[in-house]
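Derivation of every value follows stated rules applied to the coordinates shown; laboratory data play no part. If you're wondering where the values come from, they're calculated on a predicted model, not measured in any experiment. Neighbour counts are summed over all protein chains in view; Cβ atoms, including those assigned to glycine, are modelled from backbone coordinates with ideal geometry.
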């Protein structure tokens with residue numbers, strides 16, 4: 001024991017360099033441990049982010065679904081505005097002429113989007129179903145815009161002068177048929193003449209003819225009847 005104290009007493013000056021080495025080593029260990037702790041935190045953050053991204057890839061969001069459904073509804077409304085307006089169809093007959101490739105493509109794209117739209121929007125949370133539906137709505141939009149642009153560009157230019165004259169007469173007759181100020185008999189007569197003028201020239205949407213016929217029928221039913229003895 002004495003020799004140990006004697007050694008320490010004789011070599012007391014070694015305490016300082018050894019202390020410096022030990023202190024440096026302890027500092028490095030502390031820094032290493034802190035780095036490991038930070039690395040673990042970062043790793044957990046990356047893992048959490050990856051899980052979030054994976055969830056995004058396998059599940060559509062409410063916002064995405066709503067946006068696609070709203071776009072689909074807007075397109076259907078644009079087409080419905082054509083369907084219920086015979087005068088506009090007469091002005092732009094290509095919109096119902098399925099012999100025209102662009103028109104045919106538009107109607108096929110509409111059917112495809114309509115078929116892919118589920119009754120329950122919740123089914124679109126599945127990313128594969130949503131992606132297919134979203135792409136179909138986008139194709140529908142592009143096809144509609146292209147067909148409409150061509151229809152407005154060409155108007156009635158692909159008809160000969162005699163056919164264009166018939167279309168103009170039909171348009172005026174349709175306006176009479178829609179005019180609530182005209183008598184029910186006048187409206188019915190104008191509608192029948194318009195149908196004859198348009199027969200073989202353009203395809204009339206079933207919705208528009210049905211709605212107009214219902215309006216005329218309603219006017220006929222509400223018209224006062226006179227009785228003669």
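A few remarks follow.
- Order of 127, 162 under a 10 Å beta carbon neighbour criterion, fewest first: 162, 127
- Space enclosed by the convex hull of the alpha-carbon atoms of segment 159-222, per residue, Å³: 67 Å³
- Extension reserve of the residue 181-residue 40 stretch, reckoned as 0.36 nm per residue once the Cα distance is removed: 42.7 nm
- The mean sequence separation of alpha-carbon pairs under 8 Å and at least six residues apart, normalised by the residue count of segment 91-229, gives a relative contact order of 25 percent.
- Note on residue 67 and residue 123: their simple-model spin labels are 2.3 nm apart, each label 7 Å out from Cα toward Cβ.
- Modelled spin labels at residue 59 and residue 207, positioned 7 Å past Cα toward Cβ, are 3.6 nm from each other.
- Order of 137, 207 - criterion: other Cβ atoms within 10 Å of each residue's Cβ, fewest first: 207, 137
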